[in-house]
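My questions will all concern the structure given below.
Nothing in this text is a laboratory measurement; each read-out follows from the coordinates by a stated rule. Just so we're clear, the structure is a prediction, and the values are computed from it rather than from any experiment. Every residue, glycine as well, gets a Cβ built from its backbone with ideal geometry; the counts of neighbours run over all protein chains shown.
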Amino acid sequence: VRFSKLNPEQTANAIGEALMQSSSVLQSFNVVKGFLNLELKQSVWISSILSHQAIPSFPKKEKVMVEYSSPNTNKPLHLGHVRNNLLGSSLANILKANAYEVIQANLINDRGIHICKSMLAWQKFGQNETPESSGMKGDHLVGKYYVEFDKHCKAEIKTLIEQGVAEDQASKQAPLLLEAQDMLRKWEAGDQATIALWQTMNQWVYDGFAKTYKQLGVEFDQYYYESNTYLLGKDLIEMGLEKGVFYKKTDGSTWIDLSADGLDEKLVLRGDGTSVYITQDIGTAQLKYNQYACSKSIYVVGNEQDYHFKVLFLILKKLGFDWANGLYHLSYGMVDLPSGKMKSREGTVVDADDLMSEMIQTAKEKTEELGKTSGMSDEEKTRLYHTLGMGALKFFMLKVDPQKRMLFNPAESIDFQGDTGPFVQYTYARINSIMRSAQAEDKTIHQVPSAIRASEVQLIQTVLAYKQELQKAAQSYSPSIIANYLLQLAKAFNRLYNDVSILKAIDANERAFRLHLSALTAETIQHGLSLLGVNSPERM
RNA sequence: GGCCUUAUAGUUCAAUGGAUAGAAUAAGGGUUUCCGGAGCCCUUGAUUCAGGUUCGAUUCCUGAUGGGGCCA
């Protein structure tokens with residue numbers, strides 16, 4: 001507009017005219033409110049889809065680490081962990097599809113006062129109960145004793161208060177708590193009996209987690225254990241002191257002043273030389289880099305730790321590590337339920353294992369209601385219910401922008417209508433059905449169709465957009481982009497194939513073209529769903 | 001108290017600074033022949049408030065208010 005010295009309408013018209021003359025792919029153009037709209041010839045769309053390869057593949061270029069899950073070993077996984085795991089593993093898939101070499105890491109918090117609490121309660125009240133003897137999943141068993149500890153500890157505190165001890169004192173003096181702290185000291189001193197019990201109970205938990213992970217469909221290339229890493233980082237504090245990044249206070253504790261960066265002063269080493277959380281995170285970050293030299297490292301951690309990661313990354317940069325620029329905190333919001341917030345104290349936590357089996361059970365009921373499983377073997381049905389139940393769960397959780405707090409409604413997620421996983425899966429199954437019944441046909445396109453419908457152009461455009469969406473998802477670390485794209489694609493397909501005339505009175509050539517388009521759509525859906533960790537059922 | 005984050009139909013979610021803010025669900029209406037009606041079509045309905053930047057703001061900036069979190 002500045003160049004032409006004309007108003008936007010006139011400028012657009014002039015450009016449009018010029019393009020019409022010089023380009024062979026334009027059908028027409030029009031100008032609305034200063035927007036120049038170019039209409040491409042249908043042949044452009046037709047030929048672009050015919051030469052299109054739905055699934056791009058590239059050579060590996062960079063290494064990236066995705067750390068997620070990172071559970072504590074004192075209780076089983078819950079709904080919040082599910083979002084974490086799904087985000088992490090889906091992100092790993094998306095990055096792989098964008099040619100990154102991905103290392104999926106899991107940093108397990110296997111030490112500390114919390115696991116000592118479970119151990120102590122088991123010692124006192126457990127009567128040698130094991131996963132085998134009780135039939136309980138190991139993580140649930142250990143979780144049970146964590147709750148048990150809490151119960152007894154509270155009772156002790158109550159007694160103390162009744163004896164006249166002040167409340168804040170009482171909560172520190174409960175005999176059980178003191179005993180747990182003592183156990184932690186023994187653990188740190190390497191006491192054999194304590195270590196043995198710790199190993200046994202942790203192993204129960206790991207066996208339990210393994211089942212949960214398998215059901216969720218996540219896996220890891222590298223496990224880190226805090227029991228191995230909790231002493232790391234002290235040498236880097238030393239180094240930072242020499243560089244003048246940190247300073248000592250008179251009590252001997254080491255700090256960093258981040259007030260110039262809009263943050264506070266932060267303790268990095270206590271006066272007695274013991275670590276704080278961030279100390280070991282500094283050390284672990286270096287350990288990871290030394291081991292893999294990833295150009296990017298992503299931490300999938302809830303948004304309550306936003307501040308922690310801001311500080312951590314800043315410290316690493318100030319220590320002079322170039323690789324600190326490749327660190328990213330994928331922060332995600334909490335998951336709410338229709339019944340309200342999850343609060344462990346009120347027992348409203350939704351257990352991950354329970355949730356998954358409920359989803360699968362609901363998938364079964366819904367599908368049986370519709371009575372379309374006739375002719376399927378029991379094995380096929382079981383697999384289908386799993387595919388649908390887990391697909392519903394994953395799709396629903398990944399559809400939402402990670403950053404935002406979300407509301408998980410199990411009933412709504414598994415509905416076959418609406419913006420759900422099963423709806424996308426249905427579309428895939430439907431296309432498969434179409435392809436099956438056309439199996440025997442000659443699907444060669446001898447001649448490019450001369451005209452196609454607007455709804456076909458729309459579907460073609462959507463299919464073609466996939467690569468861009470994939471890139472966007474990788475750049476913004478957001479699986480929700482893929483999920484929303486898949487909904488759009490499924491809708492575009494269903495809309496097109498509801499047009500009765502498309503099924504009738506068409507010549508073999510047009511038919512072949514549409515089958516080609518359908519096959520590409522199916523391929524794209526399958527690829528997209530797999531990035532979300534969702535299976536595509538051949539039939540449903 | 002300081003800091004971070006969020007605010008869109010009744011509800012749950014979308015929208016590289018761009019056109020008439022999209023879906024889904026709920027409510028109401030429609031879809032005789034159809035390789036899958038678990039679909040498709042129509043109707044009703046929304047940007048928290050007050051300023052600012054811009055030709056143009058749901059989007060960026062400032063402030064207020066509500067939700068969530070972190071730190072003391």
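Using a 10 Å cut-off around each Cβ, can you sort A:K144, A:K394 from fewest to most neighbouring Cβ atoms?
Listed from fewest to most nearby Cβ atoms, that is A:K144, A:K394.
In whole angstrom, how far apart do the alpha carbon centroids of the range A:391-411 and the range A:144-160 sit?
Comparing the Cα centres of the range A:391-411 and the range A:144-160, I get a distance of 35 Å.
Still on this model: Treat the count of other C-beta atoms within 10 Å as a stand-in for reagent exposure and order A:I482, A:I360 from fewest to most.
By the 10 Å Cβ count, ascending, the order reads A:I360, A:I482.
Now for a separate question. Could you compute the longest span of chain A free of GluC sites (Glu not before Pro) located in DSSP loops and having at most 16 other Cβ atoms within 10 Å, not counting the site residues?
Looking at chain A, A:220-440 is the longest stretch - no exposed GluC sites (Glu not before Pro) with at most 16 other Cβ atoms within 10 Å.
For chain A, with only Lys/Arg (+1) and Asp/Glu (-1) charged at the beta-carbon, what is the dipole magnitude about the Cα centre, in debye rounded to 20?
In debye, rounded to 20, chain A gives about 1260.
Shifting gears a bit: Across all directions of projection, what mean area in square nanometres is found for the Cα convex hull of the range A:158-296?
Averaged projected hull area, Cα only: 14.0 nm².
If I take R0 = 56 Å and measure r between the Cβ atoms of A:S51 and A:D261 in this structure, what FRET efficiency does the formula 1/(1 + (r/R0)^6) give, to the nearest 0.05?
Efficiency for this residue pair is about 0.65.
So how do A:F395, A:F29 line up by other beta-carbon neighbours within 10 Å, fewest first?
Ascending number of Cβ neighbours within 10 Å: A:F29, A:F395.
What percent of all Cα-Cα pairs in the range A:76-196 falls into each 10 Å bin, going from 0 up to the bin containing the maximum distance?
For the range A:76-196, the pair-distance distribution reads 12, 29, 28, 19, 9, 3, 0.
Treating each Cα of the range A:136-208 as an identical point scatterer and ignoring solvent, apply the Debye formula and state log10 I(q)/I(0) at q = 0.18, 0.21, 0.22, 0.25 Å⁻¹.
-0.81, -0.93, -0.97, -1.05
Sequence gap of 8 or more, or different chains, plus Cα separation below 19 Å: how many lysine pairs satisfy both in the range A:85-155?
So the count works out to 8.
If you don't mind, there's one more thing I want to ask. Please report the orientation-averaged projected area of chain A, defined via the convex hull of its C-alpha atoms, in nm².
Projected area, direction-averaged: 35.3 nm².
Any chance you could tell me what percent of the C-alpha pair distances in the range A:432-483 go past 13 Å?
Tail of the P(r) past 13 Å holds 73 percent of the pairs.
Quick one: Karplus J couplings for the range A:508-514, per residue in order, coefficients 6.51, -1.76, 1.60, θ = phi - 60°, nearest Hz, x for Gly and Pro?
For the range A:508-514, the Karplus curve yields 4, 5, 4, 4, 4, 4, 5 Hz.
Additional query: Note down the Stokes-Einstein diffusion coefficient of the range A:365-503 in µm²/s, whole number, using a Kirkwood radius over alpha carbon pairs, 4 °C, and 1.567 mPa s.
75
How fast does the range A:446-540 diffuse by Stokes-Einstein, in µm²/s, taking the Kirkwood radius from C-alpha pairs at 20 °C and 1.002 mPa s?
In µm²/s, the coefficient rounds to 149.
Related question: Using r as the Cβ-Cβ distance of A:Q439 and A:A411, and R0 as 41 Å, what FRET efficiency do you calculate, to the nearest 0.05?
Calculated transfer efficiency: 0.65.
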